[in-house]
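Report on one structure; see the data block that follows.
No lab work stands behind these numbers, since they all come straight from the coordinates. This is a predicted model, so every value here is computed, not measured. Note that we place each Cβ from the backbone using ideal geometry, even for glycine, and neighbour counts take in every protein chain shown.
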Amino acid sequence: EAGVVQSPRYKIIEKKQPVAFWCNPISGHNTLYWYLQNLGQGPELLIRYENEEAVDDSQLPKDRFSAERLKGVDSTLKIQPAELGDSAVYLCASSLEIGRYDTGELFFGEGSRLTVL
Amino acid sequence: GDSVTQMEGPVTLSEEAFLTINCTYTATGYPSLFWYVQYPGEGLQLLLKATKADDKGSNKGFEATYRKETTSFHLEKGSVQVSDSAVYFCALTDYKLSFGAGTTVTVRA
């Protein structure tokens, strides 16, 4: 069974440029997450989808970040414009959740490492 | 809000040594507790979990016991191998999953 697939693995851009990350979750997983991981820190939730509905986007900086999961399967996270401080690893995860509470058993992709110059 | 605090690294050990990574939590309710591991070049994966007080989670020779009286969930392994070199994250969920900062472990042959 294929795991969570993310692309690109690495991206280098100049500040003020846009960037997009794509995630395909494990087949059948209804819940999809985007996390931000800064160097030396643990993952921090950006947004949580239950099917196509964003049920928790309270930590998503909406002035420059956006996300979509139009058909409740794959998802795209966009940053426009990127800033130097956005350099980090963007992790996607999926799970089979019942209700809107995390059971904690998430399956993560390998991440997309962004460098903003 | 709910949070975990874990031992700072990095930790460097010799093969067959005993490993302990400390983790304590702060929560208003009764969270479930987890250890996730990130091997070099791979994604985070769940190592073990415990859902209530006194539960012991175990996997791949690792163990952790949910201690409500000390609000702790320390990770232990009796004899580490080079292949255990990774970053280990303590995490909890009451309704939302929260991670600690991670502890880098390097095992030397």
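Per-structure values
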| item | result |
| --- | --- |
| Within the range A:33-117, strands (runs of 3 or more DSSP E) holding 2 or more residues that are out of contact with any Gly (no Cβ under 9 Å at 6 or more places or on another chain) and more than 14 Å from every other protein chain (Cβ to nearest Cβ) | A:65-68, A:75-79, A:112-116 |
| Residues being surrounded by 13 or more Cβ atoms within 10 Å (Cβ to Cβ) and either in contact with a Ser or Thr (Cβ under 7 Å, 6 or more places away or on another chain) or on the phi > 0 side of the Ramachandran plot (or both) - total across the range B:93-109 | 7 |
| Filtered residue count, the range A:24-37, keeping only those that are under 19 Å from A:LYS78 (Cβ atoms) and not hydroxyl-bearing (Ser, Thr, Tyr) | 6 |
| Count - residues of the range B:33-70 that are over 14 Å from B:PHE89 (Cα atoms), polar (S, T, N, Q) and in contact (Cβ under 8 Å) with a residue 24 or more places away in the chain | 1 |
| Boolean, B:GLN6 is under 19 Å from A:PHE108 (Cα atoms) and among the polar types (S, T, N, Q) | no |
| Test: residue in the range A:74-86 that is within 18 Å of B:LEU44 (Cβ to Cβ), in contact (Cβ under 8 Å) with a residue 40 or more places away in the chain and surrounded by fewer than 19 Cβ atoms within 10 Å (Cβ to Cβ) | no |
| Residues of the range A:103-117 satisfying the condition of being of a type outside the set (Lys, Arg) and touching a residue at least 60 places away in the same chain (Cβ under 8 Å) | A:LEU106, A:PHE107, A:PHE108, A:GLY109, A:GLU110, A:GLY111, A:SER112, A:LEU114, A:THR115, A:VAL116, A:LEU117 |
| Residue selected from the range A:19-52 under the condition more than 20 Å from A:LEU70 (Cα to Cα) and touching a residue at least 40 places away in the same chain (Cβ under 8 Å), by the criterion surrounded by the fewest Cβ atoms within 10 Å (Cβ to Cβ) | A:LEU39 |
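Conditions tested, residue by residue: (1) among the aromatic types (Phe, Trp, Tyr); (2) at the interface with chain A (Cβ under 9 Å from one of its Cβ atoms); (3) within 18 Å of A:TYR35 (Cβ to Cβ); (4) surrounded by 15 or more Cβ atoms within 10 Å (Cβ to Cβ).
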| residue | (1), (2), (3), (4) |
| --- | --- |
| B:SER14 | no, no, no, no |
| B:PHE62 | yes, no, no, yes |
| B:SER79 | no, no, no, no |
| B:SER83 | no, no, no, no |
| B:ALA91 | no, yes, yes, yes |
